């Protein structure tokens, strides 16, 4: 099945909730009014519950109960709210996909998103909120492919799990495209920003992009780091796979990535929110 074939059958394609799309755009403005953001969140009951749950978690040690979205936003800050909006919105678009363990899939996606946000903060060449959002969505194309090509994807998954090292290359060889390309096509269909789409289509081989795309390089490193953790490898013991070109392109040293908390630690709070 070609990439065009995947998008010819619209019933296979998810629709991002309008409130989520509006909030993603609104929260890119650090000067957005808290009241405006709160009113948007309150339109979604599931999102409202998750925001309040996060605000009342023991992590913040607040003695009084946080019962309003405005108070929760002021406590958590736009960055945390943005992360919750993205993770909740995307997970809600897929209720079941045959052959895919969705909790494991979203756990992987949130780890990539959290690492991308961390690395973008170190390189200072990429907006952290954008890096998180792109990281959250980087593999969503896998879900579309799994739904449309059940037998073929099951065989690929059995031989080479989607979150393992080298999976993108395996798909490129077998299909002529990879899940990042599908994610990019979906982002374009959802009318996301051009830099969002470019990073999704280019992160598998960011060195091939001209001009260089810092966001694609951040995402490339994030996907690599999470796969490294999945396979139980340590950076210092895996120099042969260190993506030096991508790291150099955005000014990150191997030491910075070595010192970073483990992906599972960076994403722990968010993973608890989607459990």
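The values are calculated or read from the model by the stated rules, or taken from the named source; none is laboratory data. None of these values were measured; they are calculated from a predicted model. Glycine gets a Cβ as well: all are built from the backbone with ideal geometry, and neighbour counts include every protein chain shown.
Structure notes:
- For residue 176, the conditions (1) surrounded by fewer than 22 Cβ atoms within 10 Å (Cβ to Cβ); (2) over 20 Å from residue 7 (Cα atoms) are fulfilled apart from (2).
- The set of residues in region 1-36 that are free of Cβ contacts under 8 Å to residues at least 24 places away in the same chain and part of a loop (DSSP other than H, G, I, E, B) comprises 29, 31, 33.
- Evaluated against (1) under 16 Å from residue 39 (Cα atoms); (2) not assigned by TED's automatic domain parsing to the domain that holds residue 45, residue 105 falls short on exactly one condition, (1).
- Odd one out for residue 48 among (1) assigned to a loop (DSSP other than H, G, I, E, B); (2) surrounded by fewer than 20 Cβ atoms within 10 Å (Cβ to Cβ); (3) not assigned by TED's automatic domain parsing to the domain that holds residue 217: (1)
- Tally of residues being assigned to a helix (DSSP H, G or I), over 22 Å from residue 86 (Cβ atoms) and touching a residue at least 12 places away in the same chain (Cβ under 8 Å) across region 207-227: 1
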